[in-house]
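What follows is one structure encoded as structure tokens, with my remarks underneath.
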Amino acid sequence: MLNIITENCSGIGVGKFVPNIIPFEATKGVYLKVITEHTWEVLNNWGYGTNTRTDWDTRITELLALNAGKGFHLDVPWGLFEKGASGGDFSNLQYLKTVCDELYAAGLYVFLAPMIFRDFRSSDTASLTLDQQMRYLLPEDMRTHVGLIDTPDVLASQAHYRWDYAYAYIKATTAFGYDIKTYNTTLQTRFIRFARAVCDWLGNHPAVIGITSTESVNGTPVWTGAGGFEGGVPTRASYFVGKTTIMDAVNGMFKRQMVAPSINYPNEGTAVSDPVDYVGDWHAVAATKKFALTGPNAQWWSTSLNRVGSGSSPKGANRYYTDFTGPRIVQWQGDEFDSSVNGSPAISTTADYTQRYVDLYTRSTVGDGGSKFDLNATHIIVQRTMTPEIWLGGVTSGVPNVPDGVTIPSLRAFLNNATYIPQDGKAGLGNQTVSYIT
């Protein structure tokens, strides 16, 4: 039976009541990460987006066909759930509560990601204007800017806005996204208020077991002058201090949830002119503060993510999993299925895809004693929408460094195959020690 805790959204302190309100063992398994399908009702209410109830029902059906499927990881875009001329209207969270009610009725659990620090240009927003796209990142009253500019850092045909609360970062030579200015005290106050509203609505919901964020990396600013990132080492450092301030407040609110900011970079160390080891700084206190551990990539070929660390080269984010005493939530996203990209193993056959699945599972659990060292996962989150189609399988076409026409085996079918994965209802996750969840 669930022990309902009241007044858990004060944000005072970091003490956690997590231990046994939900039997922790019951939550272990595989979770499907979706970006917008679950927001179909709030999108329809706003008049934006392309999702329908059918899309969301399809995702639920897909997850329920997985023996170890325990629930979903759901993005909670700030701009969709706070409205009003000066903000403060959180009534759209009723739609998110409905989603959580439905999932709990189906016996499923939920990780919520309300702490979206950056915009990934979801395909759901492709047909929208830039102002409209920003509703996935900021509430309407905070989508203000100081003028349209062109800079040498983007193509002549591109323009972007210098937003008051977000800066444009370079994604590629032809694209940019946005990071919110976490160092801005007004934004911090408002973002924490939004988190408290999510907690008021869902902090005691029996389905909600975890709170996460987008990845910790900060992008290279397109514009470093006034209205851009603001530039300079102290300001860059304050960007990460702002994230820590926000996540500490969130951890203090959600007493019965695992709270796990997604940590990957930066950890450049002292060998560069702009030394920041946010990864090391964060993990130095994560267990003491009773945070859970997660990161966006389980890959073993990235030097920055996996280095042992010595001298001016800090320890990589994935190196912290093996001995971490709290929950360890491992994520499989698009990069995990790359072929010959940034050191990833080549994929040219169906068997190669299956081997990648085997290697990812080994890596996430017991490890191989070598480069694929153990991450000791207590939970695994799999990104649903990837190119190429991995979850349900498909055939390659235009996939970098993979021949066209290769049959991609279904990752879901792989996870349901006793030859590879224990069919115990939690994908063999559950033997690892977690000291502050009992």
Review point. Which one is surrounded by the most Cβ atoms within 10 Å (Cβ to Cβ), of the residues in the range 397-419 that are in contact (Cβ under 8 Å) with a residue 60 or more places away in the chain, at negative phi and assigned to a loop (DSSP other than H, G, I, E, B)?
Key: Val402
Study note, to complete from the structure: Exactly one of Ser157, Ser91 is surrounded by fewer than 16 Cβ atoms within 10 Å (Cβ to Cβ), assigned to a loop (DSSP other than H, G, I, E, B) and at pLDDT 90 or above, and that one is Ser91
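Please work out if Gln331 is outside any loop (DSSP other than H, G, I, E, B), of a type outside the set (A, V, I, L, M, F, W, C) and without any contact (Cβ under 8 Å) to a residue 12 or more places away in the chain. Let's see the steps before the verdict.
Working: outside any loop (DSSP other than H, G, I, E, B): yes; of a type outside the set (A, V, I, L, M, F, W, C): yes; without any contact (Cβ under 8 Å) to a residue 12 or more places away in the chain: no.
When the stated conditions are applied, Gln331 does not pass them.
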Check your understanding: Among the residues of the range 56-63, is there at least one that is at pLDDT 95 or above, of a type outside the set (A, V, I, L, M, F, W, C) and touching a Gly at 6+ places or on another chain (Cβ under 7 Å)?
Key -> no
Check your understanding: Do you know which of the residues in the range 201-222 that are touching an Asp or Glu at 6+ places or on another chain (Cβ under 7 Å) and of a type outside the set (Val, Ile, Thr) is surrounded by the fewest Cβ atoms within 10 Å (Cβ to Cβ)?
Key -> Gly219
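Hey, could you check the range 230-268 for residues that are over 29 Å from Gln331 (Cα atoms) and either among the charged types (D, E, K, R) or not in a helix (DSSP H, G or I) (or both) and say which is modelled with the highest pLDDT?
Glu230
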Exercise for review: Mind listing just one residue for me: the one in the range 269-302 that is among the hydroxyl-bearing types (Ser, Thr, Tyr) and modelled with pLDDT of 90 or more and, of those, surrounded by the most Cβ atoms within 10 Å (Cβ to Cβ)?
Suggested key: Thr294
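The values are calculated or read from the model by the stated rules, or taken from the named source; none is laboratory data. Please read these numbers as outputs of a predicted model, since none were measured by experiment. Heads up, the Cβs are rebuilt from the backbone with ideal geometry, glycines too, and the neighbour counts pull from every protein chain shown.
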